[in-house]
Amino acid sequence: MTALATLAADLDRTLNIAAIPDYPDAVNGLQLANVGDIERIATAVDFSTETAYGAINAGARLLIVHHGMFWSGAQPIVGFRHQRLWALITHDVAVYSAHLPLDIHPEFGNNVLLARRLGLTPSGGFARVQTIDVGLTGTSDMPTAQIVNAAAAIAAESRGTFSATPFEASRVTRRWGLCTGAGASSATLAEATRLGLDTLIVGEGPHHTAVEARERGIVVIYTGHYATETLGVRALGDALAVKYGLSATFVDVPSGL
Ligand SMILES: [Zn+2]
């Protein structure tokens with residue numbers, strides 16, 4: 001049994017919450033307090049009614065998410081927003097959220113864990129947001145098809161959408177960039193060209209990024225927003241559980257994207 005204050009302080013420190021910039025609605029850190037001690041942690045990619053009840057049904061007293069309670073901005077707490085908040089408070093479940101601090105973490109980060117799953121070794125940063133690089137770059141001599149197949153397998157685990165822009169079967173990836181979640185944009189494509197990247201691995205991106213990538217000679221692999229962001233919260237929850245002698249449950253609610 002561990003007090004919320006202990007776990008929240010550990011997470012703040014581990015993830016360097018205070019120092020890492022983010023979108024205002026991310027509201028990184030502890031988002032909802034509880035009263036009692038914690039024996040079980042639940043983790044999920046998104047804060048939602050389903051993940052809130054998933055945590056409650058698992059007997060968790062702390063839910064750690066990547067996209068937090070305020071992701072849609074300030075909203076009236078009525079209807080489903082009221083119901084899920086009421087359920088969490090009556091079951092004494094706290095909520096902690098970490099967005100970019102979790103994306104970029106060198107051990108529990110979505111980006112480093114996805115690179116590892118694909119057999120890629122990072123050597124630099126990519127996808128600049130304010131003062132930080134959210135994503136990673138590296139070199140490889142791997143056939144692009146091999147990376148595509150490995151990414152497709154990860155997407156399939158979360159029943160998510162998967163696609164890649166067309167490429168020649170013999171193509172080899174020499175310089176790659178990776179950014180989980182909504183990683184493909186005109187900005188990241190321009191940055192990829194500046195860095196001389198030939199392959200971009202992302203969660204998702206708008207249609208025009210696939211068109212623009214072809215103009216730039218870059219292959220983009222869309223591995224799924226949800227699939228690429230299951231890695232960090234799971235690893236973080238498992239590590240926290242081991243450290244404090246707790247148990248951790250991943251509440252898997254795929255978005256389909
Ligand atoms: Zn995301």
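The values are calculated or read from the model by the stated rules, or taken from the named source; none is laboratory data. Just so we're clear, the structure is a prediction, and the values are computed from it rather than from any experiment. In this analysis, Cβ positions are derived from the backbone assuming ideal geometry, glycine residues included, and neighbour counts consider all displayed protein chains. Side chains are part of the model used for accessible areas, which takes the heavy atoms of the whole protein and leaves out ligands, DNA and RNA. Shrake-Rupley method; radii C 1.70, N 1.55, O 1.52, S 1.80 Å.
Looking at region 11-24 only, could you name the residues that are open to solvent by 70 Å² or more (accessible area, probe 1.4 Å) and over 14 Å from residue 132 (Cα atoms)?
13, 24, listed by residue number.
Counting only residues that are among the hydrophobic types (A, V, I, L, M, F, W, C) and in contact with a strand residue (DSSP E or B) (Cβ under 8 Å, 6 or more places away or on another chain), how many does region 153-182 have?
Residues meeting the conditions: 8.
From the residues in region 235-257 that are in a helix (DSSP H, G or I) and in contact with a Phe, Trp or Tyr (Cβ under 6 Å, 6 or more places away or on another chain), which one is farthest from residue 157 (Cα to Cα)?
The qualifying residue farthest from residue 157 (Cα to Cα) is 236.
I'd like to know if region 214-234 contains one or more residues that are free of Cβ contacts under 8 Å to residues at least 24 places away in the same chain, closer than 21 Å to residue 105 by Cα and not in a strand (DSSP E or B).
No, there is no match, as no residue in region 214-234 is free of Cβ contacts under 8 Å to residues at least 24 places away in the same chain, closer than 21 Å to residue 105 by Cα and not in a strand (DSSP E or B).
Show me the strands (runs of 3 or more DSSP E) found entirely inside region 62-170 where at least 2 residues are out of contact with any helix residue (DSSP H, G or I) (no Cβ under 8 Å at 6 or more places or on another chain) and more than 15 Å from the ligand (Cβ to nearest atom).
It comes to 124-129, 132-143.
In the set 90, 144, 131, which member is surrounded by 13 or more Cβ atoms within 10 Å (Cβ to Cβ) and either at pLDDT below 95 or of a type in the set (Ser, Thr, Tyr) (or both)?
Residue meeting the stated conditions: 144.
Taking residue 56 as the residue in question, decide whether it is part of a helix (DSSP H, G or I) and touching a helix residue (DSSP H, G or I) at 6+ places or on another chain (Cβ under 7 Å).
yes
State whether one or more residues within region 22-34 are under 17 Å from residue 241 (Cβ atoms) and hydrophobic (A, V, I, L, M, F, W, C).
no
Give region 73-100 a look and list any residue that's touching a residue at least 60 places away in the same chain (Cβ under 8 Å) and over 17 Å from residue 41 (Cβ atoms), or say none.
Matches in region 73-100: 99, 100.
Restricting to region 187-203, and then to whatever is open to solvent by less than 60 Å² (accessible area, probe 1.4 Å) and either assigned to a helix (DSSP H, G or I) or without any contact (Cβ under 8 Å) to a residue 24 or more places away in the chain (or both), can you tell me which residue is nearest to the ligand (Cβ to nearest atom)?
Start the filter on region 187-203 by keeping residues that are open to solvent by less than 60 Å² (accessible area, probe 1.4 Å), which leaves 188-192, 196-203.
Within this subset, residues satisfying the condition of being either assigned to a helix (DSSP H, G or I) or without any contact (Cβ under 8 Å) to a residue 24 or more places away in the chain (or both) are 188-192, 196.
Values: 188: 14, 189: 19, 190: 21, 191: 19, 192: 19, 196: 27 Å.
So, considering only residues that are open to solvent by less than 60 Å² (accessible area, probe 1.4 Å) and either assigned to a helix (DSSP H, G or I) or without any contact (Cβ under 8 Å) to a residue 24 or more places away in the chain (or both), the one nearest to the ligand (Cβ to nearest atom) is 188.
Being away from the ligand (no atom under 16 Å from the Cβ) and not in a strand (DSSP E or B) is the filter; apply it to region 171-186 and report the residue that is surrounded by the most Cβ atoms within 10 Å (Cβ to Cβ).
171
If you check 47, 70, which single one turns out to be touching a residue at least 12 places away in the same chain (Cβ under 8 Å) and open to solvent by 30 Å² or more (accessible area, probe 1.4 Å)?
The conditions single out 70.
Does residue 7 count as surrounded by 13 or more Cβ atoms within 10 Å (Cβ to Cβ), in a helix (DSSP H, G or I) and hydrophobic (A, V, I, L, M, F, W, C)? Spell out how you get there, then give the answer.
Values: surrounded by 13 or more Cβ atoms within 10 Å (Cβ to Cβ): yes; in a helix (DSSP H, G or I): yes; hydrophobic (A, V, I, L, M, F, W, C): yes.
Yes: the conditions hold for residue 7.
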